[in-house]
Amino acid sequence: MSVNDLFKQDLKVINMGLKSFHTDLKSQGVPAIHVNWKPKAGGKKKMLDLLSKINKSN
Amino acid sequence: MLLQTTIKRNAYYDSVTLMLISRDLQKLDGVDEVLVGMGTDLNLDLARDLDLATSDFDTLTSNDLFIAARFDDTQISMQAIEDAFSELLNKSSQSDDDDDHQPPTLRSALQQMPGANLVVVSVPGQYAAAEVEDALDAGLHVMLFSDNVPVEDELHLKQKAVEKGLLMMGPDCGTAIINGVPLCFANAVRRGKIGVVGASGTGTQEVTVQVHKLGEGLSQVIGTGGRDLKEQIGGLMMIQGFEALIANPETEVIVLISKPPAPSVAQKIYQIAKTSPKPVVIDFIGGDRDAIEAVGAIPCVSLEDAAQKAVAVIRRQPAVDFTGFILPSEQIERIVEDALAKLKDDQNELRALFTGGTLADEAMKLLGDRYQVFSNIPLSPEMAIENLQDGRGHICLDLGEDQFTRGRPHPMIDPQTRTDYFKSHVDERTGVILVDVVLGFGSYTDPAGAVADSLREIRQRLSAHGKDVVVVASVCGTDLDSQDLNKSVATLEAEGVIVMPSNAQAVRLTDMLMQGMKGA
Amino acid sequence: MQNVIEKANKEALEIIQNGQPTLIGLGIAEEVIPGMSKDLFLHAGPPVSWERMSGPMRGAVMAGLMYQGLAATPEEAAEYAASGKLRFDPCHHHDAVGPMAGVVTARMPVWIIENKAYGNRAYCTLNEGLGKVLRMGAYGPEVIKHLQWMEAVLYPLLKETIEIHGPIDLKIMIAQALQMGDEVHNRNKAGTSLLIREIAPSILKTSFSNEDKIAVLEFLNSNDHTFLNLSMPAAKATLEPAGKVKHSTIVYTMARNGTDFGIRVAALGNRWFTAPAEIIDGLYFPGFSMEDANPDIGDSCITETLGIGGFSMATAPAIVQFVGGTPKDAVRYTTSMYEITTEESQAYKLPPMNFRGAPTGIDIRKVIETQVLPVINTGIAHKEPGVGQVGAGIVHPPMACFEQALEAYVNLLEDEGLLED
């Protein structure tokens with residue numbers, strides 16, 4: 001979907017990070033989901049490495 | 001005094017929430033110093049600097065939350081501090097719809113909202129690139145607010161975005177207005193025919209606000225992030241946005257805003273401007289006028305000027321440099337005279353305290369090198385703020401810069417930092433105080449009120465020396481913003497602030513005041 | 001590798017979805033449980049030695065020894081247990097499951113459940129009721145007396161009842177209970193009612209005295225958790241065949257022994273991945289607090305492993321009063337379980353979730369990626385043997401179990417040469 005396609009649509013936003021941004025979008029009536037974000041695998045390097053080993057598609 | 005640390009393992013909360021909670025916990029009776037944060041190296045250093053470190057710190061990882069407190073245990077207990085923390089946390093998470101499920105990942109968010117078209121990312125910089133990659137792979141446009149994203153990642157992500165025809169606004173992109181929806185830090189402005197691509201957050205805000213004031217409106221406001229026009233990134237998003245606006249039916253005039261780009265990047269932009277079927281207004285703040293004119297684009301002398309020229313083009317009026325004031329010159333002279341009359345001879349220093357980076361930058365550029373202004377964004381290395389001796393001299397600070405936001409929310413979100421600097425940096429030698437007051441989404445609920453409060457404190461302090469001070473401000477906001485432009489202006493004027501209609505005019509007035517101050 | 005895993009997990013889910021847990025009768029442990037013998041005591045959770053057993057588990061072992069006649073007093077029992085003359089093994093290693101201490105001894109009667117789709121069976125003792133009971137670690141004379149009644153009267157009567165009635169489809173009964181406010185782990189009122197209703201006529205048709213029939217009906221009726229000892233082996237029988245699917249990252253066992261929490265993953269067969277069981281932060285009965293609590297104990301989270309129990313909390317709003325929270329919280333918990341599971345149950349539909357199927361097939365990859373841990377609704381036992389339940393609440397397995405399992409899984413794939421590029 002190109003940039004000008006986006007300009008023709010209604011915004012539907014996924015917010016990841018600061019909650020205040022989500023709150024502001026909702027207050028404007030913009031459909032928005034707030035992701036209850038945590039670092040993937042809790043940011044633990046060992047787990048991330050293990051996951052990336054098996055997440056390769058083939 | 002007791003020094004204790006509470007640790008919550010594998011908890012995660014966003015940095016702004018935690019910093020605001022820190023600030024509130026600080027107010028509890030019996031608390032001497034408290035810091036709440038994730039166990040990142042940055043936060044641990046900060047805690048150590050505040051003498052809050054305990055042996056528990058050794059066990060902290062960046063995935064753990066810590067509450068470090070020094071408190072008088074006859075007045076308060078660690079448990080009470082923890083309870084207060086939980087209460088504040090609950091309050092902040094109940095601020096809106098408890099009913100909406102908050103999915104834990106982008107993937108599950110997409111399952112919940114299959115029609116999503118934009119992702120706003122403001123997670124810590126080290127994790128941001130991976131999230132943006134997933135978003136672009138899923139065909140979504142991205143606004144990347146996070147900073148501290150490696151430049152190699154930015155390049156890779158922008159290349160991917162360009163390939164897929166997607167927006168990747170950022171990193172460090174604070175402002176955008178897409179389809180009339182203000183995103184992150186942006187003002188409520190009317191829709192219209194002027195399209196903007198901006199590499200500077202508050203610079204973009206100022207331009208949109210001025211356009212609105214002049215009665216015109218914005219079609220799309222695209223952010224690029226502060227690093228986009230550096231050599232390494234090559235202006236990828238500025239070009240992407242520029243071309244999108246050229247193709248956008250609603251846009252009749254295009255405004256580009258940035259600090260001066262790397263020469264090769266400027267060239268690329270000029271080439272597009274040259275063949276653009278729509279008029280292009282280019283504000284490369286302090287940039288090469290001739291080069292811009294040579295390709296048929298319209299150069300600018302200030303952010304306000306960029307807005308004025310864009311509006312002029314829409315109205316088929318001549319796009320003339322706006323270098324003066326809206327008020328008649330006699331009135332301006334009277335304002336200056338009356339203001340200077342309030343000052344004693346030894347009050348000849350400037351204290352410019354900005355929350356908006358680009359607004360501070362514009363101030364520095366407009367004041368030029370006619371004055372020796374020490375700053376954390378100096379025009380030349382000798383004028384770096386560290387070189388200031390005994391606190392004597394002109395000072396202009398961008399309080400949103402990294403060095404001032406360690407462990408503290410950005411001053412646009414929380415006025416405390418500037419409040420502190422009003423206290424510490426304004427004294428009996430200060431003649432003029434210059435500030436920006438930024439309204440809109442993302443900004444504090446009453447920035448004008450916070451400035452007014454600080455001024456009351458300053459005036460009280462200075463009156464003990466039989467002195468007063470001159471304060472000049474501009475309010476970057478509209479009547480549609482929740483903080484209300486008119487109300488904000490009234491609040492400031494009630495405290496005797498000279499409120500100018502734009503940052504540029506506020507700076508120009510300050511220039512006139514400085515010329516009038518003895519020995520400035 | 002993604003495709004291989006997706007295929008394996010699909011296969012595991014098909015097995016789970018196809019499960020047909022059916023109550024086919026009752027038997028005596030020694031006669032029907034594979035590998036059972038007089039010197040073997042089964043227990044809940046992963047393997048644990050007498051030395052490491054918590055209070056309730058020890059109390060249950062001591063009660064079991066006195067019930068078996070191998071000891072006359074608690075002191076003798078404790079000595080015997082420590083002597084090495086007694087072997088211990090998880091129920092799970094013998095196709096069985098047990099709530100709380102989950103101790104199964106040779107002469108105990110057990111329900112027999114058969115998974116009609118794959119032929120495998122699962123066993124569970126009959127629920128003793130509330131108060132001072134063996135599964136909570138009580139070992140007083142009234143405990144033994146009650147067990148003897150269950151062996152002498154309850155068991156043979158129920159055995160004949162099922163023979164008269166014929167097999168009972170537990171999948172359907174659980175599905176109905178889930179739509180009547182049960183989650184069939186901590187709340188079993190509806191399931192117990194459905195069971196009694198179903199078998200009451202057959203009870204009456206048995207050859208036993210009126211006195212015995214009345215006693216049995218009154219006993220079944222006095223204990224809301226009668227059905228738990230059927231929902232657990234039903235879940236066990238459903239999940240067990242999935243535990244053989246190569247390369248599948250689906251969890252087919254979660255269990256605690258009061259000291260450790262253990263999980264087993266399909267690809268990794270019988271290997272347990274354990275970490276210290278947690279103390280539950282829940283609602284304590286008046287007079288009790290977290291200090292009195294035993295760490296998490298019991299095989300009953302086999303229900304959550306299947307996607308019922310705490311995973312289906314949304315459908316049992318009444319449970320939240322017991323564990324602390326609101327019906328909205330219950331919905332939130334169930335909703336978040338979809339993040340870590342693979343499919344929605346075809347059989348178990350949850351009305352408050354717009355009849356979405358229960359979140360089924362816990363994937364260790366998703367647990368680690370999202371950091372969302374399975375939610376378990378559980379009772380809390382007093383750490384001293386025999387005091388009984390002191391509260392209820394929500395508990396999670398330790399993340400360490402899943403992390404260890406993921407590491408073992410990747411090592412396995414590497415050993416098989418599947419991760420070459």
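Would you confirm whether or not region C:256-265 contains a residue that is buried (at least 24 other Cβ atoms within 10 Å of the Cβ) and assigned to a loop (DSSP other than H, G, I, E, B)?
Yes, that holds for at least one residue.
Is there any pair linking a residue in region B:112-136 that is more than 9 Å from chain A (Cβ to nearest Cβ) and under 22 Å from B:Leu155 (Cβ atoms) to one that is β-branched (Val, Ile, Thr) and buried (at least 21 other Cβ atoms within 10 Å of the Cβ), with Cβ under 6 Å and at least six apart or on different chains, and which?
Sorted first by the residue in region B:112-136, then by its partner, the pairs are B:Gly125/B:Val149; B:Ala129/B:Val149; B:Val132/B:Val121; B:Val132/B:Val142.
So, restricting to strands (runs of 3 or more DSSP E) that lie completely within region C:318-421, which ones have at least 1 residues that are within 13 Å of another protein chain (Cβ to nearest Cβ)?
The strands (runs of 3 or more DSSP E) meeting that bar are C:341-350, C:356-362.
I'm checking my understanding of the structure. Among residues of region C:266-300 that are without any contact (Cβ under 8 Å) to a residue 40 or more places away in the chain and assigned to a helix (DSSP H, G or I), which one is nearest to C:Gly393 (Cα to Cα)?
Looking at the filtered set, the residue picked out is C:Met290.
Here is a list of conditions, (1) within 8 Å of chain A (Cβ to nearest Cβ); (2) of a type outside the set (Lys, Arg); (3) part of a loop (DSSP other than H, G, I, E, B), and B:Cys173 meets all of them except one; can you say which number that is?
Result: B:Cys173 fails condition (1) only.
Failed condition for C:Ala235, given (1) outside any helix (DSSP H, G or I); (2) crowded, with 24+ Cβ neighbours inside 10 Å; (3) not basic (Lys, Arg), with all others met?
(1)
Tell me which residues, restricted to region C:280-315, are among the hydrophobic types (A, V, I, L, M, F, W, C) and closer than 14 Å to C:Val375 by Cα.
Passing the criteria: C:Ile280, C:Cys301, C:Ile302, C:Leu306, C:Ile308, C:Phe311, C:Met313, C:Ala314.
Quick check, is B:Leu434 in a helix (DSSP H, G or I) and either among the aliphatic types (A, V, I, L, M) or touching a residue at least 40 places away in the same chain (Cβ under 8 Å) (or both)?
no
Take C:Val4 and tell me if it is on the phi < 0 side of the Ramachandran plot and modelled with pLDDT under 95.
yes
What residue, among those in region A:5-20 that are basic (Lys, Arg) and within 7 Å of another protein chain (Cβ to nearest Cβ), is surrounded by the most Cβ atoms within 10 Å (Cβ to Cβ)?
Among those that are basic (Lys, Arg) and within 7 Å of another protein chain (Cβ to nearest Cβ), it is A:Lys19.
Give region A:21-39 a look and list any residue that's at the interface with chain B (Cβ under 7 Å from one of its Cβ atoms) and either hydrophobic (A, V, I, L, M, F, W, C) or part of a helix (DSSP H, G or I) (or both), or say none.
Residues satisfying the conditions are A:Phe21, A:Thr23, A:Asp24, A:Lys26, A:Val30, A:Ile33, A:Val35, A:Trp37.
What's the number of the only condition in (1) of a type in the set (Ser, Thr, Tyr); (2) surrounded by fewer than 19 Cβ atoms within 10 Å (Cβ to Cβ); (3) not assigned by TED's automatic domain parsing to the domain that holds B:Arg508 that B:Ser380 fails to meet?
B:Ser380 satisfies every listed condition except (3).
So is B:Asp420 acidic (Asp, Glu), outside the structural domain of B:Val189 (by TED's automatic domain parsing), at pLDDT below 95 and assigned to a helix (DSSP H, G or I) or not?
yes
Find all pairs meeting these conditions: Cβ atoms under 7 angstrom apart; at least six residues apart or on different chains; first residue within region B:48-75 and within 14 Å of another protein chain (Cβ to nearest Cβ) and touching a residue at least 40 places away in the same chain (Cβ under 8 Å); second residue assigned to a helix (DSSP H, G or I) and not aromatic (Phe, Trp, Tyr).
Here the result reads B:Leu60/B:Leu44; B:Asn63/A:Gly42; B:Asn63/A:Gly43, each pair linking region B:48-75 to a residue that is assigned to a helix (DSSP H, G or I) and not aromatic (Phe, Trp, Tyr).
Test each condition in (1) within 12 Å of chain A (Cβ to nearest Cβ); (2) of a type outside the set (A, V, I, L, M, F, W, C); (3) buried (at least 24 other Cβ atoms within 10 Å of the Cβ) for B:Gln210 and report the one that comes out false.
(1)
Can you confirm whether region C:223-230 contains a residue that is modelled with pLDDT of 95 or more and of a type in the set (D, E, K, R)?
So far as region C:223-230 goes, no, none of its residues is modelled with pLDDT of 95 or more and of a type in the set (D, E, K, R).
I'm told B:Asp14 meets every condition in (1) touching a Leu at 6+ places or on another chain (Cβ under 6 Å); (2) of a type outside the set (Lys, Arg); (3) over 26 Å from C:Glu403 (Cβ atoms); (4) in contact (Cβ under 8 Å) with a residue 40 or more places away in the chain except one. Can you identify the failing condition by its number?
(3)
The values are calculated or read from the model by the stated rules, or taken from the named source; none is laboratory data. Predicted model, so just to flag it, every value in this text is computed and none were measured. Cβ atoms come from the backbone with ideal geometry, glycine included; neighbour counts cover every protein chain shown.
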